[in-house]
Amino acid sequence: MNSFLEAATSQPFMQNAIAGGILASIACGAIGSYVVVKRIGYLAGGIAHAVLGGMGIAYYLGRSPIEGALVSALVFAFILGWVSLRMQQQEDTIIGALWAGGMAVGILFISKTPGYNVELMSFLFGNILMIAAEDLYWIVGLDLLILTIVFLFYKQFIAVSFDEEFARLRGIPVERFYLLFLSLVALTVVILIQIVGLILVIALLTLPAAIAGLYVRSLNLMMILASIIGVVFTTSGLAISYQPDLPPGPTIILLAGSFYLISLILNQIKKQSLSINDCCSSLEKELTKVQDKKRNILVWVLIINTGMFFIEAIYGWFAQSNALMADALDMLGDAAIFGFSLYVIGLNTIWQSRAGYIKGIIMAIFAIGVLTSAFYRAFNPIIPQITTMGVVGFLALAANLVCALMLLGFRDTDVNMRSAWLCSRNDVLANLGVLLAAVGVAWTNSPWPDLVVGISISGLILKSAIEVMKDAKIEIANHQAI
């Protein structure tokens, strides 16, 4: 992990790879959510594999393969969209024929081109480490175009995705918007083939959105959560593959696939744990509304915490601030807690109590991690960058105050929400500590205020972990007594 962090801070190719993964995840989250909801993964797969034909032709003509991919992706999107709309009875067969035909054309043109093109093979199998700075401009432009169209026609796309007949009755030109949507899928495919290759593109397009769909019901939340999950997968896949020198594209996909299978298993266990037989009574409906409100709050808190973790970790590393890095690690632990709280929210109280005990253990582990980091820095003291500490600390404080206010009204409802509230309260106190550390470093021109705050944050996390485990133990004892 240390070698990966060093490469991320010093090597342009790794910085381009991380940036490319983040930018690709944005497109994945927006378009992949529609693909999952509409259940047209096979159509997206047909577009992804057929672009090899355009790439082969472009390579044969001496042009950039990405130009051929862009043109062929749009052409095949329109062809497959027309087939899907007009020839539904033979849809699978025709899509399969176009899928195979596109790849066959690409292979024929590649075989007739002298030499062996490594760049083309990287598009086929994916190599995120070969993304250049100019490729990032391409991806940024395509991202902006995709997000703009999704923003302008959000309601129309929802109507077309969920109920085409209803959309027609409302006067929406379904065919036109369906073809526009497939064009966006084509653009997303072009972005993703540079990350994981066209063979694996469908997995990264659908898996983050499918995982997000297990935990949220709103499409806009699904898009945001899917984008965050995509960022986690691409960044983690790079980190895991770097030291053993594994191909990053397949590593990213294996990571995503593993988490999807785990999420499916956990979701199935959760469904089996729910023992409500009838939700028709007014009391049960009211409980369902409260549960949905808790779930929405936890989703937003999870999104905010995950985003702030990346911001604090990156800037904390550059600023050489122990307090910021400790707070970032706290944010990561809290994100795990919020995700766990989101999962167990529908379980009965005894399972929530047992989950609370596990969450306390998770918090304690992260507290020990923060403490270890602080002691390591104590033997290697470096004066951090004060301005970065102050700006990032203030931004994190504002974000976590919003989270704390959202959780405030639910802190006494159950042990699950109380653990989430304690995490959010800790975040606010830790952010105040970061600001105090920045003032102390500026005043003393010494790294020790930063180190003291880092150690204090670990103590705060450990104290809350003990509180959560005590609450859970009392709840479990009460249930056993009953």
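No value in this document is a laboratory result; all are computed from the given coordinates. None of these values were measured; they are calculated from a predicted model. Glycine gets a Cβ as well: all are built from the backbone with ideal geometry, and neighbour counts include every protein chain shown.
Backbone phi angles across the range 168-181, fed through the Karplus curve with coefficients 6.51, -1.76 and 1.60 (θ = phi - 60°), yield HN-Hα couplings of 5, 4, 7, x, 7, x, 4, 4, 5, 6, 5, 5, 5, 5 Hz in residue order; Gly and Pro are listed as x. When W317, W138, W443, W99 are arranged by Cβ crowding within 10 Å, least crowded first, meaning fewest neighbours, the order is W443, W317, W138, W99. Sort the range 178-217 into rounded, prolate or oblate with this rule: let a ≥ b ≥ c be the square roots of the eigenvalues of the Cα gyration tensor; rounded if a/c is under 1.5, and if a/c is not under 1.5, prolate when a/b is larger than b/c, oblate otherwise. The shape class here is oblate.
Each peptide in 387-397, 172-182 receives the mean, over its residues, of other Cβ atoms within 10 Å, and ordering these scores from highest gives 387-397, 172-182. For D450, D427, D292, the sequence from fewest to most other C-beta atoms within 10 Å is D292, D427, D450.
Could you work out how far the C-alpha centroid of the range 401-424 sits from that of the range 208-249, in angstrom? Cα centroid of the range 401-424 versus Cα centroid of the range 208-249: 26 Å apart. Ordering of 430-442, 322-334 by packing is 322-334, 430-442, highest average first (other Cβ atoms within 10 Å, averaged per residue).
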